[in-house]
Every structure is written in C-alpha cells, then in structure tokens.
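Peer 1: What follows is a structure written as structure tokens; I'll ask about it next.
The values are calculated or read from the model by the stated rules, or taken from the named source; none is laboratory data. Nothing here was measured: the structure is a model prediction, and the numbers come from that model. When we count neighbours, we look across all protein chains shown, and the Cβ atoms used for this are built from the backbone with ideal geometry, even at glycine. What goes into the accessible areas is simple: the full protein's heavy atoms, side chains included, and nothing from ligands, DNA or RNA. Shrake-Rupley method; radii C 1.70, N 1.55, O 1.52, S 1.80 Å.
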Amino acid sequence: MDRGRQLAFCPTPARFLVTLGTPIVDPLLRVLRGKDSSQKYFCFQLIVEKLSVEVLRALENDLQRLVDRPSKTDQLEGVDELAREALQRLHS
C-alpha cells in the first residue's frame, strides 16, 4: 500500500490518539526509539504533528536524538526532518 493510501486509511484512529494527551507518550516513545523508520514516519505524519506542546515536551529528548543522530533509514524516510519540525514547533 502506498503512503497516500495508508494516510487516508488511518485518520480517524489517529485523531483519537491525539486526544489522549500524555497517555500517548509511552507508546510514541516505543515507536520513536524503535528501528522501523516507516512506522516513525507515519507516527509523525498522523500523530506527532498534531500533538499539543505539552505532549511534545515529553518527547523532546527523543526528538532531539532523531535530529542529532538519525539512522540511515530514518534519514531516507525523512524522520530527522519531521523531528526537526516538531522541535521548531515546540520552541516557537
């Protein structure tokens, strides 16, 4: 399934997950600390970019790590850039 179709498939569950607030932090950290760069990409596209600043603050260290020391696959997926955008939003 291509990315566009995957994004179109998941908006309702993703919207719900965003509303959870801080309880979503631990599951997101498991993804951000994992090795699946595609999964990280979709977490950013569907969830992280819509999170409140309060929740983003709880992810800050891991976002910074993805910016400073991305894996090759994270770079190929653009995860490092998405993490940079999230940090910019947090610090704006």
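Peer 1: Give the lysines whose C-alpha is closer than 20 Å to that of LYS72, dropping any in the same chain fewer than 8 places away, or say none.
Peer 2: LYS72 reaches LYS35, LYS40.
Peer 1: How much length, in nm to one decimal, is gained on full extension between THR22 and SER92, taken as 0.36 nm per residue of separation minus their Cα-Cα distance?
Peer 2: 23.2 nm
Peer 1: So, one more: Per residue, what accessible area does the chain have, given a 1.4 Å probe and all protein chains present, in Å²?
Peer 2: For the chain, the solvent-accessible area averages 61 Å² per residue.
Peer 1: Treat each spin label as a single point 7 Å out from the Cα along the C-beta direction, and report the VAL53 to GLU81 distance in nm.
Peer 2: Going by the 7 Å Cα→Cβ label model, 2.6 nm.
Peer 1: Let me ask something additional. Given axes a ≥ b ≥ c from the Cα gyration tensor, I'd like to know whether the chain is rounded (a/c under 1.5), prolate (a/b larger than b/c) or oblate.
Peer 2: Here the chain falls in the oblate category.
Peer 1: Report the gain in length on full extension from GLU60 to THR12: 0.36 nm times residue separation, minus Cα-Cα distance, nm rounded to one decimal.
Peer 2: So the extension gain works out to 14.7 nm.
Peer 1: Okay, moving on. When the helices in the chain are scored as -39500 (n - 2.57) per DSSP H run of 4 or longer and the sum is shared across all residues, what 222 nm value do you end up with, to the nearest 500 deg cm²/dmol?
Peer 2: Calculated mean residue ellipticity at 222 nm is -22000 deg cm²/dmol.
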